[in-house]
Amino acid sequence: MQKTWFITGASRGLGVQIAKAALRAGDRVVAAGRKRAAVTDSLGPDSDQLLSVALDVTDAGQAHAAVDAAVARFGAIDVLVNNAGYGRLGFFEENTMADVRAQFDTNLFGVFNVTWAALPVMRAARKGRIFNISSLAGIRGVEFGSLYCASKFALEGFSESLAQEVAPFGLFVTIVEPGPFRTDFLTAESIQIGDHAVADYDERRAALRTSFEQRNGQQPGDPVKLAEAMVLLANEAKPPMRFAAGALAVNAADAKLADMRIEFDRWRQLAVSTDYSS
């Protein structure tokens, strides 16, 4: 059965590949990006299957207008992909509250805006899939990524809660947790680095920046394959709550779970002793 996808951040990177995969599957796509011209440059002109819309996810009004346009054109939203986002890197001390707000405005509050706009339509249909694009950084915190990790950890908590709230309406939420994929994520268009330098971090900052720059274009993950996997998941009767994408993400998640189990077991007796005595 033909589905209608609504994809944010669809002008480049993984968003473009998800849109192309859905179109190849014969589905319809509403491709949203901050600049509509950039979306059409990547995906081509509107057609019977494709509608491009301008959407800055930090603008709630634009989110509602984009959803209205999608429903007016295709009548429904069957698959919502909250993909728009970027990475703010740097040591915590070298960022500001303005940096925090900007990171959360896109990576978390932007998801809220779009989901608030789309949920009434999807809930009324009593069916649908929501993919929230998180990251390995939503599973494991890393130095130099405190703000980005914080935004993705928050997205994961939101997604778990939302999944329980909307399950009675036939809606499923899947958190997609990619490791390093060969998109433009590490380019200047997607990555920002704190510029409030603290001397104690100079040596480590230089090494980490070099490491990130060297990884650009060398990431092991194939975004085309991930996009195809998401099309398959959208057709699963019971899709997973979490989908860690790429061997690095799967192995890192395994290691995190093992470490957590060791730590829980080590401190279990003290932990349970904090209850009132019966």
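The values are calculated or read from the model by the stated rules, or taken from the named source; none is laboratory data. Since the structure is predicted, the reported quantities are computational estimates derived from the model, not experimental observations. Please note: Cβ atoms are built from the backbone with ideal geometry, for glycine as well, and neighbour counts cover all protein chains shown.
Below is a table of values for the structure above.
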read-out: Cβ-Cβ under 7 Å pairs, at least 6 apart or on other chains, segment 148-164 side under 21 Å from residue 123 (Cβ atoms), far side assigned to a helix (DSSP H, G or I) and of a type in the set (A, V, I, L, M, F, W, C); value: 155/108; 155/111
read-out: Residue in segment 78-105 that is surrounded by the most Cβ atoms within 10 Å (Cβ to Cβ), counting only those that are of a type in the set (S, T, N, Q) and touching a helix residue (DSSP H, G or I) at 6+ places or on another chain (Cβ under 8 Å); value: 82
read-out: Out of 42, 52, sole residue that is in contact with a Ser or Thr (Cβ under 9 Å, 6 or more places away or on another chain), over 25 Å from residue 125 (Cβ atoms) and of a type in the set (Gly, Ala, Ser); value: 42
read-out: Cβ pairs under 7 Å, 6+ apart, first in segment 77-89 and β-branched (Val, Ile, Thr), second at pLDDT 95 or above and assigned to a loop (DSSP other than H, G, I, E, B); value: 79/3; 81/8
read-out: Of residues in segment 72-95 being under 30 Å from residue 200 (Cα atoms) and aromatic (Phe, Trp, Tyr), the one modelled with the lowest pLDDT; value: 86
read-out: Unmet criterion (only one of (1) out of contact with any Ser or Thr (no Cβ under 7 Å at 6 or more places or on another chain); (2) touching a residue at least 40 places away in the same chain (Cβ under 8 Å); (3) closer than 23 Å to residue 106 by Cα) for residue 29; value: (2)
read-out: Pairs where the first residue, in segment 105-125, is over 14 Å from residue 66 (Cα atoms) and the second is hydroxyl-bearing (Ser, Thr, Tyr), C-beta under 7 Å, 6+ apart; value: 105/58; 106/58; 106/86; 107/151; 108/151; 109/58
read-out: Residue list for segment 53-71, filter: of a type in the set (Gly, Ala, Ser) and crowded, with 17+ Cβ neighbours inside 10 Å; value: 54, 63, 66, 69, 70
read-out: Restricting segment 38-52 to residues that are within 12 Å of residue 15 (Cβ to Cβ) and of a type outside the set (S, T, N, Q), the residue that is surrounded by the fewest Cβ atoms within 10 Å (Cβ to Cβ); value: 38
read-out: Hits in segment 179-209 (condition: under 13 Å from residue 144 (Cβ atoms) and modelled with pLDDT under 75); value: 186, 191, 192, 194
read-out: Odd one out for residue 212 among (1) surrounded by 13 or more Cβ atoms within 10 Å (Cβ to Cβ); (2) out of contact with any Gly (no Cβ under 8 Å at 6 or more places or on another chain); (3) modelled with pLDDT of 90 or more; value: (3)
read-out: Pairs with Cβ under 7 Å, 6+ apart, first in segment 172-190 and farther than 19 Å from residue 248 by Cβ, second polar (S, T, N, Q) and at pLDDT 65 or above; value: 173/132; 173/159; 187/216
read-out: Whichever residue in segment 23-37 is among the small types (Gly, Ala, Ser) and buried (at least 24 other Cβ atoms within 10 Å of the Cβ) and, among such residues, is farthest from residue 72 (Cα to Cα); value: 33
read-out: Filter result (under 14 Å from residue 74 (Cα atoms) and either among the polar types (S, T, N, Q) or surrounded by fewer than 24 Cβ atoms within 10 Å (Cβ to Cβ) (or both)) within segment 2-22; value: 2, 3, 4
read-out: Flag for residue 9 being closer than 18 Å to residue 152 by Cα, of a type outside the set (Ser, Thr, Tyr) and within 18 Å of the chain's Cα centre (by Cα); value: yes
